[in-house]
Each structure stands twice: as structure tokens, then as C-alpha cells.
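Remarks on the structure that follows.
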Amino acid sequence: MLHRHPILSLVTGAYLVFVGWLTLSPQPTGPANALISRLLDGLHRRGYAEWLDYNRLEFLLNVGMFVPIGIFLLLLFGAGGWWVAGLASLAMTIGIETAQRGIPGRVSDPRDLVANTLGAVIGVSVALVLTLPATLRRRQLRRPASHTRALKAPR
């Protein structure tokens, strides 16, 4: 799998390193959180995105962060391995949330488990839809010639 798709494997690995750095490094407090709060306050004062608070934004960002993981894993495992991509994403999320318990400033949150898994499922689904034409073509080419002739023969 990895030797057949070396560039995709490198991109996937780089993205997973980025996600690991983002989720497993000590949580910054202060300026980053203050900036996000100021941006949300500015939007709310102007009447935009009043439904969006810090917790909802964090949930949506967690979903968005795992969409590429679902896409990359499905592309690596293939359409037939959609369930492997889903389980690998879930295992990755469980691993991250478990590891966060021992990292200063990090909080393991069950909502993150839901958001990350939802993002991966969305990613797997998007990749399945995008690869469907190629998957159908490959299946058509794999059919034996006699099976194809039998389907085309008049009855």
C-alpha cells in the first residue's frame, strides 16, 4: 500500500505529524485563545455568526481537522477498505484523547472523540463519492469477458 502510493503516503504522514503536533503539544493559553475570543466578539457585535461560540467553533475545527485524515486513509486503503480507514481514524482519535490526559494544559474531552470521528467519516464519505467513477471502471474491467458477453447477448 505505502510503496504503491509513495507521494500520497508522504503527504498523509506529514499531515498526521501536523495533527500530532497540534493535538499533543502543550496547549497554549493566553494570546491564541484571547485572539479567537476577540474575533468571535467582533463577529457577534456586527450581528454575524451569533450562534457560534468558542465551544462550537472548537468542535467544528476538530471536525474539519479530521476530514483530510478520512480522505487520505481511504485513498491509501482503497474504496474496499473504507471500514479500515474509519476504524484507523477512530483508533487515532482514541489514542490522541488518551495521550492528552498526561499532557499539561490538555484536556481529554469526549466531544473531541465525537468531532474527530465525525470529521473522519465525512472525509471517508467524500473520498468514496469522489473515487466512485474510478472504482466502477475498475470493477467493469475486472469482469471476465464471458460474463460481459452474457450480459450483452439478446435473449
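For this structure, a couple of remarks:
- Residue match in segment 99-116 (condition: modelled with pLDDT under 95, hydroxyl-bearing (Ser, Thr, Tyr) and either over 30 Å from residue 27 (Cα atoms) or assigned to a helix (DSSP H, G or I) (or both)): no
- For residue 133: the one exception among (1) modelled with pLDDT of 90 or more; (2) of a type outside the set (A, V, I, L, M); (3) more than 25 Å from residue 22 (Cβ to Cβ): (1)
- Residue 123 vs. criteria crowded, with 16+ Cβ neighbours inside 10 Å, out of contact with any helix residue (DSSP H, G or I) (no Cβ under 6 Å at 6 or more places or on another chain), farther than 18 Å from residue 21 by Cα and of a type outside the set (Val, Ile, Thr): no
- Residue list for segment 79-95, filter: in contact (Cβ under 8 Å) with a residue 40 or more places away in the chain and more than 14 Å from the chain's Cα centre (by Cα): 79
- Taken as a whole, the structure leaves residue 142 outside the set of residues that are exposed (fewer than 11 other Cβ atoms within 10 Å of the Cβ), of a type in the set (D, E, K, R), at pLDDT below 95 and within 19 Å of residue 25 (Cβ to Cβ).
- The test for being in contact with a Gly (Cβ under 6 Å, 6 or more places away or on another chain), closer than 17 Å to residue 116 by Cβ and modelled with pLDDT of 95 or more does not hold for residue 72.
- Flag for residue 95 being loosely packed, with under 10 Cβ neighbours inside 10 Å and closer than 30 Å to residue 130 by Cβ: no
- Single residue of segment 17-65 satisfying the filter (polar (S, T, N, Q) and either in a loop (DSSP other than H, G, I, E, B) or touching a Lys or Arg at 6+ places or on another chain (Cβ under 6 Å) (or both)) that is modelled with the highest pLDDT: 25
- Boolean, residue 71 is closer than 30 Å to residue 138 by Cα and among the β-branched types (Val, Ile, Thr): yes
- Of everything in segment 59-71 that is under 8 Å from the mean Cα position of the chain (by Cα) and buried (at least 21 other Cβ atoms within 10 Å of the Cβ), the residue that is farthest from residue 19 (Cα to Cα) is 71.
The values are calculated or read from the model by the stated rules, or taken from the named source; none is laboratory data. Quantities reported herein were computed from a predicted structural model and do not represent experimental measurements. Here Cβ is always computed from backbone atoms with ideal geometry, including for glycine, and neighbour counts include all displayed protein chains.
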